[in-house]
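Student: Got a structure for you, questions after.
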Amino acid sequence: MDELSIHIALNNGDCITLYVFARRKNTLFKSEDAKEYGESPFQLQEGCMYDFELDKNSYYLQEDRDILTNSKSRQAISRGCISTGIYVGTYSIDVLQKKDNKKVGEVVFEIRSAKVGYRDDYRRMLEDITEFCTELLMQQSSPVIQRYEVDITKDPRSDYQRFAFVRSLVDSDSFADAMYQIQLSPVKRWIDSEEERQLCNVKRWGQHTLRQLAHATNRVSLSNQHPLKDRFDTLPRCVPVAFRKETADIPENRFIKHVLCSFLTFCSSIQHHSKARQRLKQEASLVCEKLLQYLSYPLFRNISEINVLPLNSPILQRKEGYREIFQKWLMFDMAARLTWQGGEDVYGAGKKDVARLYEYWLFFKLLDVLSQKFHIPSKSKEELIDCSNELNLTLKQGKMIMLSGIYETDSRKLNICFSYNRTFSYTDNYQLSGSWTRNFRPDYTLTIWPGDITSEEAEREELITHIHFDAKYRIEQLFLRDNTNKNNDEVSDDLSEMKREEERGTYKRADLLKMHAYKDAIRRTGGAYILYPGTENQVIHGFHEIIPGLGAFAISPKDYDKSIQAFLTFFDDVADNFLNRTSLREKLAYHTYSILSKNNSRSLREPLPEPYGKNRDLLPDETYVLIGYYKNEQQLDWILKRKLYNTRTGSANGSLHLSKEVISARYLLLHGEGELLTGRLYKLLPKGPRIFSKEKLEKIGYKEPSGDYYLIYNIEGIPEPEFEGMKWDIRLLDGYKKGNLSASAFAVSLADLMKVKVFNKYEYTNEI
């Protein structure tokens, strides 16, 4: 349907017709089943635009800048445009009289979600939230809870919140299945009973019945021909006969009837509330009809009123059907006391914001998943219920909630924090939590860090990891990668269209880019993921590990148990990654901390070998040069021929102390006595030095070693061509010592060595 005409009866006796025209096909409906859901039959779709026109110029529609705008022309004010945007739910529009701007009527639309099956999703999610909240309430101290009574005379906004909870119970499939099971197979009991019967209808004669033959009143005389005349002159007309019969009028069935009547009383009071909106009354009426239908079952016709609640009954606690209704009653008792601050965003003023509800619903589902994988104590979750003034669920969009826990295994203890609406603000102090650029607020954030330190300490030392999630109900399909093979022209066309979409504000990839923004802009982020009610799970890993990464998980209210499996596997992998002490994530965190914690004001612009191939690890700050000494030309000749360099080690003065720099030295720079400017640079084998004793050194031809032990380095050959012709002044190095200690070997970084480079050419070569 692309066009709709609506006849509106005005309270001044007039009647007008409103014509609505859809700009997009199949976005305008007249719903046949609207009454069943408490909706208006005239239905629009979110994210669409419509033109409208009244058939009489003497009237116009009340303008709403967010949704409805009228024509700028005073003469054509009865025309305009409706842009539904992201609004979902009942939308009432006042009809005004042009001459005095007085309201004379209204027209009601239902703005439906673009998602197929959103009605069922809405009901399921609200039911799940109700169940979770009531479980939280039951965990609270009962004396505290019991002081809060249901008062439907208060704020009508809270009335609808309570009613929404209660309706979710009654409308649930589990409630309907339970009532069907009870009707199909009700619990009954055999009881002793007694009734008056004529003697001819008595089949079994007991002692009691026989005694009545002689003593019962209301008797008749026997004729002379009667067989018992010789024993009795008279016989009673009827005698009481005892027998056993089956009855359904037992405490458990009385309780079920009591539950239905309690629900009916509550919903009826809402229906007839003086301040209740029309939609609320309609929805309450539908629930009342359903409850009356249940009460009309033949089972309840002969069920008496309850006098004692059989809460300890094994039937109520265990039998199929009865057990579910008993649970629903407990939930109702709690839910009717609870108000929800965020509920106003979901269903206040006739809304049915299923996207917002999906965000809230996911919070509880994620909390449930995390409570299974990690330990988030019940006391922490109880903080979601505020008992200070009235029972209030504190979950609300924009309000930060943080729940902490511990993940402890035999190998590691970790701190866990699950946050809702946590803000990561811009700060120029990289050691603090926050973002590199502007403020960000993901829907949900899982934060993990070592168990023995605070989160602030973990932030400073790069030991904390944030994993972000965003709820996107309106996404149907999401493709992280473009797997299609396109030529350059097709790619260019796609990018141009993306640019035009961005300019129009219809950019379809904005949600994906937002995940990139979280990952790149929020410090210490290990991953960012979209949660949507689709079918495809896509995860992109960083360097072959689960985090860091990007992705999307399909979590559907319709098929939750099946769709959540991939998400559960993801959390198993995350937990396993944090237990792995040798993970690349841990190494990256260490090196990041090492780099960022140093105030590197040095600069180096000298010609050096490029770090690729076998020199990939050649970083001047982390590449070390051993500064060695040779005492004469004979020793230098032995070093170059044997391709070995030795230096004393041990405890004697002048011995070389073993350090990371000494052991991992990549180059050797030799100098002789008085040779303070040297260019004798050689490349060492990467396998590191060995320790030789004095005796072994003599065996390989070294003359008169003076120490007991020596470090022996293997010389690979001449260095890279970039070092050719260079000369260095070793006196300017920090490790150089004057006098007799000038022969002591020491190690410096290649960056520090290049700072003391001189440019004069020297007469010898370092051929080997």
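Student: Report, by chain and number, residues whose modeled amide H sits under 5 Å from the one on Thr427, excluding near sequence neighbours (fewer than 5 apart, same chain).
Tutor: Counting only residues 5 or more places away or on other chains, the set is Ser435.
Student: Distance between the C-alpha centers of the range 564-629 and the range 706-759? Whole Å please.
Tutor: Cα centres, the range 564-629 to the range 706-759: 27 Å.
Student: Students often check this: by mean Cβ neighbours within 10 Å, which of 337-343, 367-373 ranks highest, and how do the rest follow?
Tutor: With the highest mean Cβ count within 10 Å placed first, the list reads 337-343, 367-373.
Student: Relative contact order for the range 268-379: what is it in percent, counting Cα pairs under 8 Å that are at least 6 residues apart?
Tutor: 12 percent.
Student: Can you tell me which of 106-115, 608-617 comes out highest on packing, and rank the rest after it, using the mean Cβ neighbours within 10 Å?
Tutor: Ranking, from highest mean packing down: 106-115, 608-617.
Student: Something else now. Cβ neighbours within 10 Å, averaged per peptide: list 172-180, 247-255 in order, most packed at the top.
Tutor: 247-255, 172-180
Student: Now a separate question. Evaluate the Kirkwood expression for the hydrodynamic radius of the range 613-758, namely the inverse of the mean inverse distance over all pairs of different C-alpha atoms, and round to one decimal in Å.
Tutor: 15.5 Å
Student: Does the range 323-451 come out rounded, prolate or oblate by the C-alpha gyration tensor, with a ≥ b ≥ c the root eigenvalues, rounded set by a/c under 1.5 and, if not, prolate when a/b is larger than b/c and oblate if not?
Tutor: Oblate is the answer for the range 323-451, as a/c is 1.5 or above yet b/c matches or exceeds a/b.
Student: Using only alpha carbon pairs under 8 Å that are at least six residues apart, calculate the relative contact order of the range 3-112 and give it in whole percent.
Tutor: Relative contact order here is 26 percent.
Student: For Glu289 and Asp55, FRET efficiency with R0 = 45 Å and r from the beta-carbon atoms, rounded to 0.05?
Tutor: 0.80
Student: Taking 20 °C and 1.002 mPa s as the conditions, I'd like the Stokes-Einstein D for the range 1-76 in µm²/s, using the Kirkwood hydrodynamic radius from alpha carbon pairs.
Tutor: Translational D for this selection: 154 µm²/s.
Student: Can you pull out the GluC sites (Glu not before Pro) in the range 607-708 whose DSSP state is coil and whose Cβ has at most 11 other Cβ atoms within 10 Å?
Tutor: Here the GluC sites (Glu not before Pro) that fit, given the DSSP loop and packing criteria, are Glu673.
Student: If you keep only loop residues by DSSP, which GluC sites (Glu not before Pro) in the range 269-311 have at most 10 other Cβ atoms within 10 Å of their Cβ?
Tutor: Of the GluC sites (Glu not before Pro), the ones in loops of the range 269-311 whose Cβ has at most 10 other Cβ atoms within 10 Å are Glu305.
Student: A further question on this structure: Based on other C-beta atoms within 10 Å, arrange Glu359, Glu131 from fewest to most.
Tutor: Glu131, Glu359
Read-outs: derived from the displayed coordinates by stated rules, not from any lab. The model shown is predicted, which means the values in this text are computed figures rather than measured ones. All Cβ positions, glycine included, derive from the backbone under ideal geometry; neighbour counts span all protein chains shown.
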